[in-house]
Amino acid sequence: MLTSIETLRFLLELILLLTVARGLGEIARKLGQPQVIGELLAGVVLGPSLFGWVLPSVYQSIFPNNEIQSLLIQVISELGVILLLLLSGIEVDIPLVKRKAKSAPIIAFGSLLVPFISGYGLAYIVPVSLIGQPSERPIFALFIATALSLSAIPVIVKILLDMDLMRRDIGQLTLATGIINDTVGWFLLSIVAGFATARVLPIESIAISIVGTLLYALFAFTLGYRMIRAFIRFVDDHFPHGNATLAAIFIMGLIGAAITQALHVEAFLGAFIIGVQLSRIPRVKRAAREQLETMTLGIFAPVFFAVAGLKVDLPALLTPELLLTLLAIILVASIGKFIGTYLGARSVGLPHWTAIALGSGMNARGAVEIIVATVGLQIGVLTISMYSMIVIMAVVTSIIAPPLLRWSLHRSPVDPQEEERLSQEGRKERSFLYGIQKMLVPIRDGRYAMMAAQVASHLAGERGMDATALHVRSSRDRTAQGATDTNTTITPTSTQVSWSMREISDADGVAKAILEEAKKDYDLLILGASARPSLTGLFGQVVDNIVQSAPCPTWVWRIPQQMTAIGDPQRILLPTTGVLGDRRVAELALAIARDTGATLIVLHVVNAYPLTDPFGVSVSDQIHWETAHAEAAMQFMEGLAQGVTVPIERKVMYSRGNAGDAITKFAIEQHCDMILLHAEQRFSGGELYCGNTVEQVLHVSDRPVAILFPPAVLL
């Protein structure tokens, strides 16, 4: 059990490390540099180089040379690197990495080989006073070669995140290369360390580590992925509120870290592999990722990087011989890594400046080098002075890597294909459609079950999506509880939609039962309305009540009585008024058109009533303004279709009557198969009212009509 003094010291250490790291990180950011530079310097400032030199007694009281005290802060530091690699795994673009799969191993090989050879040669000219066991220079040389060949994937990840490069081609390739480099490097370290201590190669333990890691990765990418997806789905369905998903991600990251740690491989590799699986799961939503990023980059990662610089002791190296050796180590480590990476990148056909950028990014050593140096000190291969030099080299290379990377990227033009990919990703980030990962579909008969399956399939396209088919069983239903009703069974029409079936009772009313389920963090609620015009509201009492209180966007479909399914439309009519809400339904319309090959007709109805205006605006001016507004609205809709191969027709229609009549007439004349609308609730004495246009389309149209409502605003 910790004493009160040890607890106090731990808290003071954490306060100082986090405060100084965040403070210097913000200063670095304001100076246009990645925050990781300031965070690494925080450790140097709080270590023996400055704090311990200026106030030695205070430094010793807060950072004593005590193993228990060091382990306490090391736990927080280790959590930082695990979370950082978990986060980077979630950011992995698997299709892009697959395209770069042949390049990354070759680049990684070059980034390991050249610094290994140059480091081995350097070790033979290092003064004998820096060797732990002077008679064992070959082992010392192997250790230095291994140390100089490693990169620090946690530092690389932080640099990529700080510089907003994680989604760039260069970022994904650097990440893939760094992971390979680090994994092979750790196996090399195991071999060298085992040989240095036992004078024999630990073949058995190394084989267990390698085979175990490969089996773990194979399991994670196959059965493990299905298990993780099922677990996330279970948590999302049963614990939709609070931070349950974030906790689930955190737990799975720790499990992955524990597995690779048990295999005597770095824990962060296991967390990274879990993160990659999470990147494939639609239900890992943007909010959970942002929470993880805030927690990691705001608290844990700064402590990790500050601890990395905490052991730098500059005053201990202030002699000409040691300074010269330190300079040689930094130069050989930097140039060797740069040349090796550059040659590997050029050999796979990458441009000159891209290869330079890769060499700059891979040069960061950071805390990984400190771990290596600690191992060398513990087994007697390194002296204290040599240990300090490797630590300083790690910090210096991590500090100079970001400016070099930024400098080289400014000279490396962005490939047009990459620019288009990044543009599409930006649109997807802002997209309503791509934010739909989890749909709720209450069903009551076979027609709407078929409709729901078709709509979900169209929306999913080629990406994954989860949908819950909800059967609300009447409390007066004579059918045995749990029996299967074939009229309400969903028949999936796409493998991209993962359906689950739920059955609940309507003891408190159908609308209330559906609304309670809808509160479980769904992105879209799809409802089927009665085929006949309702005499009690817009769609009928149940659907109206749901729309008026739904916590998520609601898409209501009304299919004519004579139709059994919506089929694959040839022409889709999208009336628009130019309001921002039209954007959402336009995205859904584009998804259906893209999936079915339909033509999208964008229609704007201009009111041609000869109205008088109190401000003296003439009727012709009003119509001219309306027409210009219509053109702008349709251009905006076409902008949404950028990158989507959907034929679009633009139509402006002038009407002297109800716009709803004009829309239904146009749909008949132009042979449109369905009408998609956006509508918002208006105050109308408690009933659902969306204006005359929507009402008229619903009552007059003889073809499917779908109306998208935003989440209800409860006043």
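Only the coordinates and a few stated rules stand behind these numbers; no lab work does. Model, not experiment: these values are computed from the prediction. Note that we place each Cβ from the backbone using ideal geometry, even for glycine, and neighbour counts take in every protein chain shown.
Considering all C-alpha pairs of the stretch 4-427, those separated by over 33 Å amount to 32%.
Among the listed pairs LYS102/LYS311; LYS98/LYS158; LYS98/LYS285; LYS438/LYS512, those whose Cα-Cα separation exceeds 28 Å are LYS102/LYS311.
Under 18 Å from a point placed 7 Å out from the Cα of LYS102 along the Cα-to-Cβ direction: which residues of the stretch 344-360 have their backbone N that close? Residues 344-351 qualify, since their backbone N sits under 18 Å from the label point. Scalar couplings 3J(HN,Hα) for the stretch 582-591, obtained by applying the Karplus form with A = 6.51, B = -1.76, C = 1.60 to θ = phi - 60°, are 5, 4, 5, 5, 5, 5, 5, 5, 5, 5 Hz; x denotes Gly and Pro.
Partner aspartates and glutamates whose Cα lies under 19 Å from the Cα of LYS665, excluding those fewer than 8 positions away in the same chain, are identified as GLU649, ASP673, GLU695, ASP702.
What the Cα atoms of the stretch 231-345 give is an Rg and a Dmax of 20.8, 66 Å. Around the amide H of GLY509, modelled in the peptide plane, lies no amide H under 5 Å away from a residue 5 or more places distant or on another chain. Each of (1) 64.0, 182; (2) 31.6, 103; (3) 39.2, 150 is a candidate for Rg and Dmax of the Cα atoms in Å; the one calculated from this structure is (2).
Neighbours of ARG22, meaning other residues whose beta-carbon lies under 12 angstrom from its beta-carbon, give a summed charge of -1 when Lys and Arg score +1 and Asp and Glu score -1.
Here the gap between ILE117 and ASP568, fully extended at 0.36 nm per residue and compared with their Cα-Cα distance, gives a gain of 156.0 nm. Among 169-182, 550-563, sorting by the average number of other beta carbon atoms lying within 10 angstrom of each residue, highest first, gives 169-182, 550-563. Label-to-label distance for ILE400 and ASP661 is 8.0 nm, based on points extended 7 Å past Cα in the beta-carbon direction. Per residue, the Cα convex hull of the stretch 163-238 amounts to 158 Å³.
Once both labels are positioned 7 Å from their Cα atoms along Cα-to-Cβ, the gap between ASP702 and ILE339 label points is 8.2 nm.
For the chain, the 222 nm mean residue ellipticity estimated from helices alone, with every DSSP H stretch of n ≥ 4 adding -39500 (n - 2.57) and the total spread over all residues, rounds to -19000 deg cm²/dmol. Net charge in the neighbourhood of GLN69 (other residues with Cβ under 9 Å of its Cβ; Lys, Arg +1, Asp, Glu -1) is -2.
How much length is gained if the chain between GLU136 and ASN243 is pulled fully straight, taking 0.36 nm per residue apart and subtracting their Cα-Cα distance, in nm to one decimal? Between GLU136 and ASN243, full extension yields an extra 33.1 nm.
Residue ranges 247-256, 207-216 sort as 247-256, 207-216 when ordered by packing (mean number of other C-beta atoms within 10 Å per residue, highest first). Here's the picture: a label point sits 7 Å out from the Cα of ILE210 along the beta-carbon direction, and within the stretch 101-129 the residues with their amide nitrogen under 18 Å of it are 105-106, 108-110, 112-113.
Note on HIS352 and ILE384: their simple-model spin labels are 4.9 nm apart, each label 7 Å out from Cα toward Cβ. When Lys and Arg each count +1 and Asp and Glu each count -1, what net charge do the other residues less than 14 Å away from ALA345, Cβ to Cβ, add up to? Charge balance near ALA345 sits at +3. Taking 0.36 nm per residue of separation and subtracting the current Cα-Cα distance, fully stretching the chain between ASN607 and ASP164 would add 154.7 nm. When each of the peptides 280-290, 368-378, 94-104 is scored by how many other beta carbons lie within 10 Å of its residues on average, the order from highest to lowest is 368-378, 280-290, 94-104. Here the Karplus relation 6.51 cos²θ - 1.76 cosθ + 1.60, evaluated at θ = phi - 60°, turns the backbone of the stretch 464-469 into coupling constants of x, 7, 9, 9, 10, 8 Hz, with x for every Gly and Pro. When the Cα positions of ALA288, ALA220, SER347 are compared along the charge dipole of the stretch 4-427, SER347 comes out farthest toward the positive end, with charges on each C-beta of Lys, Arg, Asp and Glu. Using the Karplus relation 6.51 cos²θ - 1.76 cosθ + 1.60 with θ = phi - 60°, the per-residue 3J(HN,Hα) values for the stretch 93-104 come to 9, 4, x, 5, 4, 4, 5, 9, 4, 6, 6, 4 Hz, with x marking Gly and Pro.
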